Every structure is written in structure tokens, then in C-alpha cells.
1. Order by neighbour count: 87, 138, fewest other Cβ atoms within 10 Å first, most last.
2. Given bins 5 angstrom wide, list per bin the percent of all Cα-Cα distances in region 91-191, short to long.
Amino acid sequence: MARVYSLFHSLVAALGKLWNADKQSCCANAKQSQESNHKQAITRWEAETSMNLKRLGNLRRLGFAGMAAVVCAAPAALAHHSFAMFDAGKLVTLEGTVKQFQWTNPHAWIILMVNEQEGQPPAQWAIEMNGPTGLARDGWLPKTLTPGMQVKVVIHPLRDGNKGGQYLAVTLPDGTLMGNPQGRGNPAPVRGE
């Protein structure tokens, strides 16, 4: 935000210098014309000054509108969350059935149905992944996971205990391992393995 303000301040200062230079040029022209036709020169200078002030006013309004647009857009850019909601010190392995694979920005998601207790309906887990561009670099495609597919997923669980987490690795039905099951910090023991 300070950088945006600094850039805006520099722009306004530069416009002010241009306006002053133009005013001095008009004054010099007015003095030369004064000898021949004093009244005509003053009228011309007043008209030019008035026009320049209008232009400067318009530029300032545009500058303020631009700054307002940046200020309004900044929270959206900064709204991208940190990974603090995931417990990077824990690794959890889930085995279940893919309900849905959402290939969306800013993050892709695996919705996984996990049988946690015998006789109970499966629990739904929401697993957050990187964005599609990063996943594609790692060999993922929009159809890598399909509904009904049996997979094993390693995650950093949510700190609040809800059924969700950050994707680390997936083992596909054919045994292909995608991702890093050791996590992003010091490796911790994996629950369920």
C-alpha cells in the first residue's frame, strides 16, 4: 500500500512540475506578447491556465480513481490464505473413494469419502491442493482422479479438527504415487501406515 501511495505521489508531483513548466512558458509568451497586445496575451494566458487547471483536475481525479481501484483490488490479492490452518507437524493417511475432483482456481480440491468406523456412513473429507497450473507441472490432469476411484491420500490435517487438510500425496489404484508423502517440513510418522 505504501508503494502504491509513493507511486501516486510521484505521479502527482511530476504532473505539478509539468503544469508549472507550462505556466512559466505561458508567462514568457505573455510577456513577449504584452509589448504588442497586453490584453490579448492576458486573455490567452487565462484561457490556457484555466484549461491546464481543468486537465490537472481531471488527472488528479483519474489518479484518485486509479488509487481507489488499487486499494479496492489489493484485499482480493492479499486474501489468499496462508497455510497456518493446516498442522504441518502431523501427517494423516486417508483411504477412501473419490466423490469429486475439482480442477478449479485458485485451488483444486479432492472430495474424498472415508470409512472411519464400521457400520457408519462414510465421512466426507475436503482436501485442498495447489492450483491447476502447479498441479499440471507435477503431472496432474483434470481427469487424474475420477469419481468412484479408490485412493490413498496423505495430508496435513486441519488444526481445528474438521475433516479436511492440505494435499501432500496420492497413491492411485495402479500404485502410482503422486506428490510427496513426507510433507513440507520435518517428516513425521504417518498415521494409518
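Each reported figure results from applying straightforward, stated rules to the coordinates on display, with no laboratory input. Fair warning: this is a prediction, and the values are worked out from it, not measured in the lab. Cβ atoms come from the backbone with ideal geometry, glycine included; neighbour counts cover every protein chain shown.
1. Ranked by crowding around the Cβ, least crowded first: 138, 87.
2. 3, 13, 24, 28, 20, 9, 2, 1, 0
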